[in-house]
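Undergrad: For reference, the structure I am asking about is given below.
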Amino acid sequence: EEIVPEAIESIRTALHCCGGRDCEEGGQAYDVVLKPVVYETATWHNPILSTQFIQAFIGEFISIGLPGNPALLIGDAFLGHGMSSEGRQWFQAALERTDTPSERTRILCMIAESFFMEGDHRAAVEWFKRAQENDPDLPDVYTGMARCHTYLMEYDRAIADIGRACGLDPANEVYQEMKKEIDTLSAHVISLSRISSEEIRSIFRTGDWLL
């Protein structure tokens, strides 16, 4: 099986209609085309055909000369539908194609978010750290790490992270509220960073000590 010319022509027409225009939410209008495409193709029983269709989308996207990184848009669409593993594969591809520091930082954060969605908070922290190395002045990097450390019950680190975010953006009410919540949690529980034994730390994380 292969993608028929009529399907490719439909992709081309849709992208031509949407290209360059903004949708009401503020993003590029072709996101409106891409998100349902990703959702529908992900349910196909033929993964090869699904990949071919998305590759055809990328080919037309590039040939038309639309702005943006198509692999990043596809990854974002997958992540928006809760398909973190699939999204991460496209983010990795986008990382190879990016040519701006700001986009690279965004992609690194999205990879971190994909791990966070899966509950792998340790891996998420590592990817947020890569984003931090790329742009140490981006508050969202520190809030991302703060969320991870909070789930890992490493409240000392979480407090340091959210404090850095608040320092970079003092007027952000969301950051201030997040700081209060982390401070409250820290005041009522044992911080795992103070426990040297990984075995004991693991017991506290899983909640087995409550049994």
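Undergrad: Rounded to the nearest percent, how much of the accessible area of the stretch 28-133 (1.4 Å probe, protein heavy atoms only) is carbon and sulfur?
TA: Looking at the stretch 28-133 in its full context, I get 53 percent from C and S.
Undergrad: How much of TRP90 can a 1.4 Å solvent probe reach, expressed as accessible area in Å² and rounded to 10?
TA: Accessible surface of TRP90 is approximately 30 Å².
Undergrad: I've got another one for you. Give the accessible surface of the stretch 53-107 per residue, rounded to a whole number of Å², with probe radius 1.4 Å and ligands, DNA and RNA excluded.
TA: About 44 Å² of surface per residue is accessible.
Undergrad: Considering only protein heavy atoms and a probe of 1.4 Å, how much of the accessible area of the stretch 134-181 is carbon and sulfur, as a whole percent?
TA: Heavy-atom surface of the stretch 134-181 belonging to carbon and sulfur, 1.4 Å probe: 51 percent.
Undergrad: To the nearest 10 square angstrom, what accessible area does SER102 show with a 1.4 Å probe?
TA: That residue has around 90 Å² of solvent-accessible surface.
The values are calculated or read from the model by the stated rules, or taken from the named source; none is laboratory data. These figures come from a predicted structure and were not determined experimentally. The protein model used for the area step is the full one, side chains on, heavy atoms only, and it has no ligands, DNA or RNA in it. Shrake-Rupley method; radii C 1.70, N 1.55, O 1.52, S 1.80 Å.
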